[in-house]
Amino acid sequence: MALILFLLSASVAFSEVPIRVRIIQASNVRSGADPVFVDRALKDLYRELGTLFSFSSYRLLQEMNLNLTGNRAVDVIVHPGRSMEITLVGEYRNLVELRIRVKREGSSILITHVRLASGRTILIGGPRHGEGAIIFAISGRF
């Protein structure tokens with residue numbers, strides 16, 4: 001029985017998990033007369049962005065689809081000298097556990113663990129960028 005459970009957990013831990021990463025430039029530099037500008041590509045995040053952050057402009061800088069495999073880090077270049085490392089550290093029924101490491105010039109400036117439910121999005125406030133900050137939006141359907 002223990003062998004069967006071990007084999008099942010090993011196969012689950014190393015399955016491929018597709019995720020979507022969006023890198024967002026948040027600032028208080030307004031565009032036009034609207035009090036808050038949200039890039040069309042981010043309309044699905046409008047409510048969450050406004051609830052969690054107090055910026056007046058949100059622009060999509062980069063979007064990518066990644067396939068994560070257990071305990072293998074994937075590096076995402078955010079900006080020259082800045083990157084984010086995402087590692088799948090656990091997988092459950094409709095939930096994955098990710099380790100997120102944000103780096104500047106190779107040194108960690110943020111390390112966190114998050115649990116992402118299938119069909120949901122997690123927003124993580126990142127480093128300062130230009131006249132605002134970077135926000136990471138991580139989502140997945142698995």
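Tabulated data for the structure shown
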quantity: Förster radius 25 Å - calculated FRET efficiency between Glu48 and Arg128, Cβ distance, rounded to 0.05; calculated: 0.75
quantity: Mean separation of Cα contacts under 8 Å (6+ apart) over length of the chain, as relative contact order %; calculated: 26 percent
quantity: Two-site label geometry, Arg99 and Arg40: point separation in nm, points 7 Å out along Cα→Cβ; calculated: 4.0 nm
quantity: Equivalent ellipsoid, segment 2-140 (semi-axes from 5 times Cα gyration tensor eigenvalues, Å); calculated: 32, 17, 11
quantity: Fully extended contour minus Cα-Cα distance, from Glu63 to His113, at 0.36 nm per residue; calculated: 15.9 nm
quantity: For Phe55, Phe142, order by how many other beta-carbon atoms lie within 10 Å, fewest first; calculated: Phe142, Phe55
quantity: FRET efficiency, 1/(1 + (r/R0)^6) with R0 30 Å, evaluated for Val29 and Val74 via beta carbons; calculated: 0.45
quantity: Restricting segment 98-142 to trypsin sites (Lys or Arg not before Pro) in coil, as DSSP defines it, with at most 12 other Cβ within 10 Å; calculated: Arg141
quantity: Among Phe53, Val78, Gly140 the positive-end extreme of the charge dipole of segment 2-140 (Cβ point charges); calculated: Phe53
quantity: Cut-off under 5 Å, modelled amide H: who pairs with Ser15 long-range; calculated: Gly70
quantity: Point-charge dipole on Cβ atoms (K/R +1, D/E -1) for the chain, about Cα centre, debye to 20; calculated: 120 debye
quantity: Value of [θ]222 nm, deg cm²/dmol, for the chain, DSSP H segments ≥ 4, -39500 (n - 2.57) each, nearest 500; calculated: -4000 deg cm²/dmol
quantity: Helix 2-13 vs. the chain, principal-axis angle (Cα, 0 to 90°, nearest 10); calculated: 30 degrees
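Read-outs throughout are calculated quantities, based only on the coordinates presented, and are distinct from any laboratory measurement. Predicted model, so just to flag it, every value in this text is computed and none were measured. Cβ coordinates were reconstructed from backbone atoms using ideal geometry, including for glycine residues, and neighbour counts include every protein chain displayed.
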